[in-house]
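> Have a look at this one before I ask anything.
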Amino acid sequence: MNQMLQDPQVQTSQVQTSKAETAETTQPPVPVEHPRFAKPQRVAFVQACWHRDVVEEARIAFMKEAEARHLTHVDVFEVPGSFEIPLHAQILAKTRRYTAIVAAGLVVDGGIYRHEFVADTVIKALMDVQLRTEVPVFSAVLTPQQFHETEVHYDFFRRHFAIKGVEVAEACANTLLGLERLRGQVAAGIA
């Protein structure tokens, strides 16, 4: 016979533990207070219009998370597709109005070209912009291995882009905070 059924104290203890675990998981999350910037930061968000309904999920999630992280000055720019993002990012970086640039796009297999080449070109070009201008550039330009124009895939990638929007906002804020500290140390002669 099962020991648990024979010992009512053990059974009661396990039920109480289970209720305590459930109570812990049903508590509302404690809001996280993110660090503030010494100076206001201005971010450019460059979004490809190809598969706009999917890509805009990254922008929506980014904007919400960016605001929580005290990035309240975000300008949104649209370009036709991901291939057009790097030039736009470079021109924006050269204006010196932006402390960071975020790119979002979906590169899918169009059948007549290898989408990996387009994605690779875009990512390399974004890195070049960042290194040439010293303005950080973040990428939420995604290239799925398999993308079929079905509702199931659209739903999956909408959710995925929302996750990526939060992640890129976190990366952007953390990088800008780190750069702000580093520049302060350089100015003080510490670094």
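> Within region 94-143, track down each residue that is β-branched (V, I, T), closer than 19 Å to V54 by Cα and not in a helix (DSSP H, G or I).
V102, V107, V108, V141, T143, listed by residue number.
> Report, by residue number, each residue of region 126-141 that is under 11 Å from A104 (Cα atoms) and of a type in the set (S, T, N, Q).
Result: S139, single match.
> If you don't mind, another one. Within region 147-191, work out how many residues are over 18 Å from the mean Cα position of the chain (by Cα), open to solvent by 70 Å² or more (accessible area, probe 1.4 Å) and touching a residue at least 24 places away in the same chain (Cβ under 8 Å).
Residues that pass the stated criteria total 0.
> Okay, moving on. Scan region 36-62 for residues that are of a type in the set (A, V, I, L, M) and either free of Cβ contacts under 8 Å to residues at least 24 places away in the same chain or surrounded by fewer than 16 Cβ atoms within 10 Å (Cβ to Cβ) (or both) and jot them down.
A38, I60 - these are the residues of region 36-62 that are of a type in the set (A, V, I, L, M) and either free of Cβ contacts under 8 Å to residues at least 24 places away in the same chain or surrounded by fewer than 16 Cβ atoms within 10 Å (Cβ to Cβ) (or both).
> Return yes when E134 is at pLDDT 80 or above and charged (D, E, K, R) and no when it is not.
yes
> Right, next: Regarding region 115-129, can at least one residue be identified that is in contact (Cβ under 8 Å) with a residue 60 or more places away in the chain, within 21 Å of R42 (Cα to Cα) and open to solvent by less than 20 Å² (accessible area, probe 1.4 Å)?
Within region 115-129 (the criterion being in contact (Cβ under 8 Å) with a residue 60 or more places away in the chain, within 21 Å of R42 (Cα to Cα) and open to solvent by less than 20 Å² (accessible area, probe 1.4 Å)), the answer is no, since none of the residues qualifies.
The values are calculated or read from the model by the stated rules, or taken from the named source; none is laboratory data. This is a predicted model, so every value here is computed, not measured. Note that we place each Cβ from the backbone using ideal geometry, even for glycine, and neighbour counts take in every protein chain shown. These area figures cover heavy atoms from the full protein model, side chains too; ligands, DNA and RNA do not enter into them. Shrake-Rupley method; radii C 1.70, N 1.55, O 1.52, S 1.80 Å.
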